[in-house]
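No lab work stands behind these numbers, since they all come straight from the coordinates. These numbers were taken from a predicted model, which means no experiment stands behind them. Cβ placement follows ideal geometry from the backbone for every residue including glycine, while neighbour counts extend to all protein chains displayed.
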Amino acid sequence: MEPITKLQAVIHCKCPRCRQGDIFSGKMYALSLKGQITNEYCPHCNLRFEREPGFFYVSMFVSYAMNVAEMISASVAAYVLGLPLEYDSLWYYVGILLLTVFLCSPFNYRYSRVILLHWLTPGLGYIPGSGDEKVNKMKTA
Ligand SMILES: [Zn+2]
């Protein structure tokens, strides 16, 4: 199997060590109560995604930065598309920001964890072929 690049692994939410196992189960915008769930272990190489207790609390800071960038982008887009920057249109901006936060929250949940695992966790890098011996054992058994 051809190895995928780090950017492809981030976009497709793959494990940072083997770049083959999925970090999440479930779809990003699924309309179910279960929603998207972070797998505890990589299904391919058995890497534990939550590196230590409370590891994913750090992803809230990443999510916060993503939220700020999205809200600024939405506000600038609303202004460029013709919404006047006046006191009377203040509530339109508030509504646009709340809608942006609501619609982007599943995306932020998922990609804040992926960014944390791929770029902000020291000592966690790509090891080509990791987890393959487990798959080979399963094939021969
Ligand atoms: Zn893996």
Under 23 Å between alpha carbons - lysine pairs in the chain that sit 8 or more apart or on different chains: 8
What number, rounded to the nearest 500 deg cm²/dmol, is the helix-based mean residue ellipticity at 222 nm of the chain, given -39500 (n - 2.57) per DSSP H run of at least four residues and division by all its residues? -16000 deg cm²/dmol
Could you give the Stokes-Einstein D for region 6-136 in µm² per second, using the C-alpha Kirkwood radius, 10 °C, 1.306 mPa s? 96 µm²/s
Determine, for each peptide in 11-17, 74-80, the mean count of other beta carbons within 10 angstrom over its residues, then list the peptides with the highest first. 11-17, 74-80
Put in order of increasing Cβ neighbours within 10 Å, starting from the fewest, K27, K34 give K34, K27
Positive-end extreme of charge dipole, the chain - chosen from M28, C15, Y92 (charges on Cβ): C15
Sorting I23, I37, I72 on the 10 Å Cβ count, fewest up front, what's the list? I37, I72, I23
Let me spell out the model: positive unit charges on the Cβ of Lys and Arg, negative unit charges on the Cβ of Asp and Glu, origin at the Cα centre of region 6-136. What dipole size does that give, in debye rounded to 20? 480 debye
Among Y64, H44, L120, the residue whose Cα sits farthest towards the positive end of the charge dipole of region 6-136, when +1 is placed on the Cβ of each Lys and Arg and -1 on the Cβ of each Asp and Glu, is H44
Can you check what the net charge comes to around I11, using other residues whose Cβ is under 13 Å from the Cβ of I11 (Lys, Arg +1; Asp, Glu -1)? +3
Within region 1-69, report the chymotrypsin sites (Phe, Trp or Tyr not before Pro) that DSSP leaves as loop and that have at most 16 other Cβ atoms within 10 Å. Y29
The cysteines in the chain that find no other cysteine Cβ closer than 4.7 Å to their own Cβ are C13, C104
